[in-house]
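**Student:** Take a look at the following structure, please.
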Amino acid sequence: MCSAQNVCLCFFKNTYRNVCFLKNINSINKGVKNLIIVMLGAPGSGKGTVAKLLTDTLNIEHISTGDMFREEIKSGSKLGKELENYMSDGKLVPDDVVIKILDERLSRPTAQNGVVLDGFPRTKIQAEHLKQLLEKRNKKVDVAIQLNIPDEDIIYRTVKRRICSNKDCGAIYNLEFNKPKQDGICDVCGSELYRREDDNEETVKRRIDTYHKRSEPIIKYFEEEGILYTVDLRAQDQVTKQDIDKWLKDINKKI
Ligand code: ADP
Ligand code: ZN
């Protein structure tokens, strides 16, 4: 579904059905390491896994709003309690709260060499604010990677998801198709695995609904900006380091 005026990059030819848009990527003379990448996709589509592969490969900052909020909740702060109310209900945290937190996060020295934004923006207002937040820093989003997954696969992927409790590791497993070797233990670092509070079927259904109503419209926004790149995934597809290398190679040719 690549129209003629788009520069279309189709990846995963043998693995996935592809819908790819990528045009007007014009970060002239910009090293691939300084990329600003936005991850788009429904809950459980694999944004976190892909973001981690991208940040490991590029050695850039991973900014996950969901992880930041979960840390805040753990700290027991007043803000954390507020966040928990929204998150446990499958609702979005209000735009003004998220934007303020992100603005501060983008100011940190560690965010100056490129970032993967995982979970932000999630509304049209956040997308517009992101543009402004980056403009004031003489930056812009280079590519928005959308991971497309059918709704019926989301529940299966989220309720069976288990995550490493070691923040520096954060490996993600699935009890059906990407099991840890030992029950409840991370293969990579040996820490305990946990299930996210909001990864239960009832909350996931609300999160899917919220995604369609509030977040899906921003796919069009990035498409209009000419920087949308979409990959269709099926329930058990696992994106590998090799896939990421292929993406980056092709993306790098265009910037
Ligand atoms: P997922 O993509 O699997 O839903 P996240 O960890 O990205 O998981 O987000 C978990 C929850 O955190 C969301 O359901 C929402 O309540 C809140 N959240 C995360 N990012 C944002 C955001 N940019 N705007 C509003 N709420 C957010
Ligand atoms: Zn681990």
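The values are calculated or read from the model by the stated rules, or taken from the named source; none is laboratory data. Just so it is clear, the model here is predicted, and its values are computed rather than measured. Cβ atoms come from the backbone with ideal geometry, glycine included; neighbour counts cover every protein chain shown. Heads up: the accessible areas ignore ligands, DNA and RNA and are worked out on the full protein's heavy atoms, side chains in. Shrake-Rupley method; radii C 1.70, N 1.55, O 1.52, S 1.80 Å.
**Student:** Scan the range 49-65 residue by residue and report those that are farther than 21 Å from VAL188 by Cα and in a helix (DSSP H, G or I).
**Tutor:** THR65
**Student:** Oh, and also: Can you list the helices (runs of 4 or more DSSP H) found entirely within the range 66-140 that contain at least 3 residues being more than 20 Å from GLU216 (Cβ to Cβ), of a type outside the set (D, E, K, R) and open to solvent by 70 Å² or more (accessible area, probe 1.4 Å)?
**Tutor:** Ranges flagged: none.
**Student:** Let me ask something else. From LEU40, LEU53, grab the single residue that is of a type in the set (A, V, I, L, M, F, W, C), within 14 Å of the chain's Cα centre (by Cα) and within 16 Å of ligand 2 (Cβ to nearest atom).
**Tutor:** LEU53 is the lone residue from the list that is of a type in the set (A, V, I, L, M, F, W, C), within 14 Å of the chain's Cα centre (by Cα) and within 16 Å of ligand 2 (Cβ to nearest atom).
**Student:** Which of the numbered conditions does GLU152 fail, given that it passes all the others? Conditions: (1) under 23 Å from LEU233 (Cα atoms); (2) surrounded by 15 or more Cβ atoms within 10 Å (Cβ to Cβ).
**Tutor:** (2)
**Student:** Take the range 172-210 and flag every residue that is within 14 Å of ligand 1 (Cβ to nearest atom), farther than 17 Å from ILE149 by Cβ and either within 17 Å of the chain's Cα centre (by Cα) or buried (at least 17 other Cβ atoms within 10 Å of the Cβ) (or both).
**Tutor:** ARG196, ASP198, THR203
**Student:** Spot the failing condition for PRO121; the list is (1) out of contact with any Asp or Glu (no Cβ under 9 Å at 6 or more places or on another chain); (2) in contact (Cβ under 8 Å) with a residue 40 or more places away in the chain, and only one is missed.
**Tutor:** Single failed check for PRO121: (1).
**Student:** Would you please name the residue that is nearest to THR55 (Cα to Cα), looking only at residues in the range 238-251 that are open to solvent by 70 Å² or more (accessible area, probe 1.4 Å) and among the polar types (S, T, N, Q)?
**Tutor:** In this case the residue turns out to be GLN242.
**Student:** Would you call LYS124 modelled with pLDDT under 90 and within 18 Å of the chain's Cα centre (by Cα)?
**Tutor:** no
**Student:** Could you please find all residues in the range 76-120 being more than 18 Å from the chain's Cα centre (by Cα) and of a type in the set (Val, Ile, Thr)?
**Tutor:** VAL97, THR110
**Student:** From the list LYS167, LYS220, LYS213, which one is of a type outside the set (Gly, Ala, Ser), in a loop (DSSP other than H, G, I, E, B) and open to solvent by 50 Å² or more (accessible area, probe 1.4 Å)?
**Tutor:** LYS167
A quick yes/no check of all residues on (1) within 16 Å of ligand 2 (Cβ to nearest atom); (2) free of Cβ contacts under 8 Å to residues at least 24 places away in the same chain:
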{"residue": "CYS169", "(1), (2)": "yes, yes"}
{"residue": "CYS189", "(1), (2)": "yes, no"}
{"residue": "ASN200", "(1), (2)": "no, no"}
{"residue": "ASP209", "(1), (2)": "no, no"}
{"residue": "GLU224", "(1), (2)": "no, yes"}
